[in-house]
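To start, the structure under review is shown below, and the notes come after it.
The values are calculated or read from the model by the stated rules, or taken from the named source; none is laboratory data. This one's a predicted model, so the numbers in the text were calculated from it and none came from an experiment. FYI the Cβ positions are ideal-geometry reconstructions off the backbone, even for glycines, and counts take in every protein chain you see. Note: areas computed on protein heavy atoms with side chains; ligands, DNA, RNA excluded. Shrake-Rupley method; radii C 1.70, N 1.55, O 1.52, S 1.80 Å.
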Amino acid sequence: PSPDQQPVNAPGLTCRLVCVLPSLLSSDCLTANIVKSHRETCQYRVEELQALRWKVFSREEVLAYQSKSVEEMWQRCAYRLTDSIQYVVEFAKRIDGFLELSQNDQIVLLKGGSLEVVLVRMCRSFNPDNGTVFFEGKYGGTEVFKSLGCNDLIASIFEFSQSLCALHLSEQEVALFTAVVLLNPERAWLQDKEKVARLHSHVDVAFKNTLQRSHRDTVLSKLSQKTLQLKSLCSLHIDRLRSFLELRPLLAHSLFPPLYHELFTDSPDAPLE
Ligand SMILES: O=C(O)[C@H]1CC[C@H](C(=O)N2CC[C@@]3(S(=O)(=O)c4ccc(F)cc4)c4ccc(OCc5c(F)cccc5Cl)cc4CC[C@@H]23)CC1
């Protein structure tokens, strides 16, 4: 080959490229896998949810919700939550590496993180301009959930969505953030914590690379506060669920879908399939 066709004689540079390339490639592949999994496993496309923002519950429809029994409203929310969680289970299964974890650890991560992921996904179905959320076909404010008798939990959920919307996360950022939230190596009862920690750090690096490339590094520090808020939201939900069930011990089995029961009550129920 002529001199200018000789390969560049720069071992240091080549080595650095060779060393850096695989991690960038693998991190880009992981990002693509997570974004694809997110798109395929959301209940609604974000464009659909935004196109429906004009459909707001009328005064009469709000009054109808407020005249429903506590039990019926809890049941409706529990069913809608369980629906959303089924999609989150599918999201998890499509993340490269998740199915390589032990069955036990897959269940531990989903038990601990599925509501957190749904709460992050909710920012897509929330309209920050009028503080309404997409619920049973239309948008409604906190007043729709009044008969639940847990206004503090509802208010906190709405405030969380409002503050998350303020970050203007793209679909790609929502996808990567929910994967980071789900693959939390600090969940209690994990068998192979190190294996989850390795997977978590790969996703974390992919998320950081994506944010840096789009000059969105400032979002990272705000998102770490969000994970703390998610944790307190979920324990508040468990508290309110416990007090709801204490008054109706027999109802739980008839009122809620088995998956809701398995995830949020301590009773040893049908295993999560
Ligand atoms: O496209 C997608 O995938 C998205 C579609 C939209 C989905 C979505 O926003 N959601 C899926 C169901 C829903 S909601 O729309 O029913 C809703 C309920 C209360 C709210 F304040 C706001 C929304 C939900 C249901 C129960 C819940 O906590 C547990 C719980 C109970 F169980 C029973 C009583 C009270 C509570 Cl608090 C929290 C949330 C938040 C996420 C909401 C999120 C995924």
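Results, tabulated for the structure shown:
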item	result
Reciprocal mean inverse distance between Cα atoms of the chain - Kirkwood radius, Å	20.5
Overall form of region 58-200 per C-alpha gyration tensor (a/c, 1.5; a/b vs b/c)	prolate
Choice from Tyr44, Tyr79, Tyr139 showing the highest fluctuation, given a GNM over the chain with Cα pairs closer than 10 Å	Tyr44
Scattering profile of region 85-162 at q = 0.18, 0.19, 0.24 Å⁻¹ [log10 I(q)/I(0), Debye over alpha-carbon scatterers]	-0.80, -0.84, -1.07
3J(HN,Hα) from dihedral phi, region 189-196, Karplus parametrisation 6.51/-1.76/1.60, rounded to Hz, x for glycine, proline	6, 5, 7, 10, 4, 5, 5, 5
Cα gyration tensor shape of region 111-152, rounded if a/c is under 1.5, else prolate or oblate by comparing a/b with b/c	oblate
Point-charge dipole on Cβ atoms (K/R +1, D/E -1) for region 144-273, about Cα centre, debye to 20	340
Per residue convex hull volume, Cα atoms of region 182-273, in Å³	133
Stretchable slack from Glu194 to Ser224, in nm (0.36 nm times residue separation minus alpha-carbon distance)	8.7 nm
Sum of side-chain charges, Leu101 neighbourhood, beta-carbon under 12 Å (Lys, Arg +1; Asp, Glu -1)	0
Cut-off under 5 Å, modelled amide H: who pairs with Thr132 long-range	Asn127
Whole-percent carbon and sulfur share, accessible surface of the chain, 1.4 Å	58
Contact order relative to length of the chain, as percent, for alpha carbon pairs under 8 angstrom and 6 or more apart	24
Solvent-accessible surface ranking, highest first, for Thr227, Thr31 at 1.4 angstrom	Thr227, Thr31
Net charge over other residues, Cβ less than 14 angstrom from the Cβ of Val56 (K, R count +1; D, E count -1)	-1
Val56 long-range amide H proximity, modeled H, under 5 Å	Tyr139
Cβ-based net charge around Glu47, under 13 Å, with every Lys or Arg adding one and every Asp or Glu removing one	+2
Most positive-pole-ward Cα, Ile85, Gln172, Leu30, against dipole of the chain from beta carbon charges	Gln172
